[in-house]
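In what follows, a single structure is set out as structure tokens and then discussed.
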Amino acid sequence: MSSSLATAYRLAKQGVDVLVLEKKEIGNGGSCRNAGGVRQSARDPKELPLAMYAVANIWPHLSEELGVDVEYHQGGNLRLGLTEKDIKVLENHTAKSLKLGLDVKMISGDEAREICPYMSKEVVAASWCPTDGHANPLKATLVLTDDGVYEADQILLCAGYESRKIANTVGVDAPVERQFNEVLVTEAQPKMFDIMIGVAGGEFYGHQSEHGSFVLGGNSGLQAFTSNNDNFVTNSLTAPCISRGIIKYFPILDKVKVVRTWSGWYDQCIDVLPVIDNVKEVPGLTVAFGFSGHGFGISPAVSIALSELILNGKSTTIDISQLNYDRFKAKG
């Protein structure tokens, strides 16, 4: 789900006159160009409350509320490790999440294979969050609008990596750049598992869809050299790189064919956390960008925080105080 669409929906339900504008199709940005993870584990503690609120209160009922099957499934999330370095990364994430009350724990490689028997013996440890899941980003985001020129007393700027350029026109800046992301889809396979998969090193992530295909995101590590396009065309290097990483963890998939790929930009903030705030220097401007590839899963909760910011000047349901715009200002 897109944060901008979710916020527009929530404000409209409260009787606010809302218009959503996009330069192309609405829902055509990063929120629909990912592998559909609805993840709480391995998040920064500053944004984890948004993910936990969304999973506990919104995602389980979203299909019924919208009247559209967004294919949300709460099957859990394994984040896998192959080395001692990976284990330390996973333990660090797990310890921080436990302090905020998330149901997550470290398990051995053998315990991980009990949950998902198809993975390689090279997996030596994993973090396990049973309340994580996944959904279909295409079904959760896509709508249409008309062209035109519009004015409003309250404006929500939630335009992904383009947000920085737009904000600059009114003297507002935040350290956000665009980051290339690519996803591949395989041919349908017999049902193997319904959990979300990630790895400590971040080489790939994804899940098996209801259709049976595997939807897997990742990168080649060469984005600076391969991502110079705006046509959402994947690079020939990326699918092989993602595929090699997947096969290392799941050798059973070595003969499975990739049937299509897609790509898109997401807005990477310098501290890998979103900016969600009312901008005091520009009354009437609320911003939500810099989601750094984490936005799809938390967007239902972000919409609550944003609607409260717009209507009341403060988010009271979820604490977003550490995601404010002022954190980038010079201190002293």
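List of remarks:
- Residue 318, sole failed condition from (1) assigned to a loop (DSSP other than H, G, I, E, B); (2) without any contact (Cβ under 8 Å) to a residue 40 or more places away in the chain: (2)
- Among the candidates 243, 307, residue that is of a type in the set (S, T, N, Q), open to solvent by less than 60 Å² (accessible area, probe 1.4 Å) and within 15 Å of residue 154 (Cβ to Cβ): 307
- Answer residue from the stretch 113-154, given it is among the aliphatic types (A, V, I, L, M) and at pLDDT 95 or above and is nearest to residue 41 (Cα to Cα) among those: 126
- Residue 39 over 22 Å from residue 210 (Cβ atoms), crowded, with 18+ Cβ neighbours inside 10 Å and of a type in the set (Lys, Arg): no
- Looking only at the stretch 100-115, and only at residues there that are hydrophobic (A, V, I, L, M, F, W, C) and surrounded by fewer than 21 Cβ atoms within 10 Å (Cβ to Cβ), the one that is farthest from residue 23 (Cα to Cα): 107
- Qualifying positions in the stretch 158-187 - among the hydroxyl-bearing types (Ser, Thr, Tyr) and either farther than 22 Å from residue 2 by Cβ or surrounded by fewer than 18 Cβ atoms within 10 Å (Cβ to Cβ) (or both): 169, 186
- Boolean, residue 97 is buried (at least 22 other Cβ atoms within 10 Å of the Cβ), assigned to a helix (DSSP H, G or I) and of a type in the set (Gly, Ala, Ser): yes
- For the stretch 239-285, residues that are of a type in the set (Ser, Thr, Tyr) and in contact with a Leu (Cβ under 8 Å, 6 or more places away or on another chain) total 3.
- Considering the stretch 42-71, and only residues there that are over 23 Å from residue 276 (Cβ atoms) and in contact (Cβ under 8 Å) with a residue 60 or more places away in the chain, the residue that is surrounded by the most Cβ atoms within 10 Å (Cβ to Cβ) turns out to be 71.
- Residue under evaluation residue 16, criteria (1) part of a loop (DSSP other than H, G, I, E, B); (2) open to solvent by less than 30 Å² (accessible area, probe 1.4 Å); (3) at pLDDT 90 or above; (4) of a type in the set (A, V, I, L, M, F, W, C), criterion not met: (2)
- Against the conditions (1) more than 25 Å from residue 118 (Cβ to Cβ); (2) in a loop (DSSP other than H, G, I, E, B), residue 267 satisfies every one except (2).
- Residues in the stretch 248-273 that are within 10 Å of residue 186 (Cα to Cα) and open to solvent by 60 Å² or more (accessible area, probe 1.4 Å): 257, 258, 259, 260.
- Every condition in (1) closer than 15 Å to residue 198 by Cβ; (2) touching a Leu at 6+ places or on another chain (Cβ under 9 Å); (3) at pLDDT below 95 is met by residue 34 except one, and the failing one is (2).
- Contacts under 8 angstrom Cβ, first residue in the stretch 196-208 being within 17 Å of residue 122 (Cα to Cα), partner open to solvent by 20 Å² or more (accessible area, probe 1.4 Å) and among the acidic types (Asp, Glu), 6 or more apart: 199/86; 200/86; 201/86
- Flag for residue 110 being in contact with a Lys or Arg (Cβ under 7 Å, 6 or more places away or on another chain), charged (D, E, K, R) and either at pLDDT 95 or above or at positive phi (or both): no
- Hits in the stretch 199-222 (condition: touching a strand residue (DSSP E or B) at 6+ places or on another chain (Cβ under 7 Å) and either open to solvent by 40 Å² or more (accessible area, probe 1.4 Å) or closer than 12 Å to residue 36 by Cα (or both)): 203, 205, 206, 207, 208, 209, 214, 215, 216, 217, 219
- The stretch 274-287: number of residues that are over 25 Å from residue 219 (Cα atoms), in a strand (DSSP E or B), of a type in the set (A, V, I, L, M, F, W, C) and open to solvent by less than 10 Å² (accessible area, probe 1.4 Å): 2
- Selection of the stretch 78-88 for residues being open to solvent by 10 Å² or more (accessible area, probe 1.4 Å) and within 20 Å of residue 38 (Cα to Cα) yields only 79.
- Count of the stretch 164-222 residues which are charged (D, E, K, R), modelled with pLDDT under 90 and assigned to a strand (DSSP E or B): 2
- Residue check, residue 227 at pLDDT below 80 and either more than 17 Å from the chain's Cα centre (by Cα) or not acidic (Asp, Glu) (or both): yes
The values are calculated or read from the model by the stated rules, or taken from the named source; none is laboratory data. Note that the coordinates shown come from a computational prediction; the quantities given were computed from them, not determined experimentally. Note: ideal-geometry Cβ built from the backbone for every residue, glycine included; neighbour counts use all protein chains shown. Surface accessibility is based on the protein's heavy atoms, side chains included, excluding ligands, DNA and RNA. Shrake-Rupley method; radii C 1.70, N 1.55, O 1.52, S 1.80 Å.
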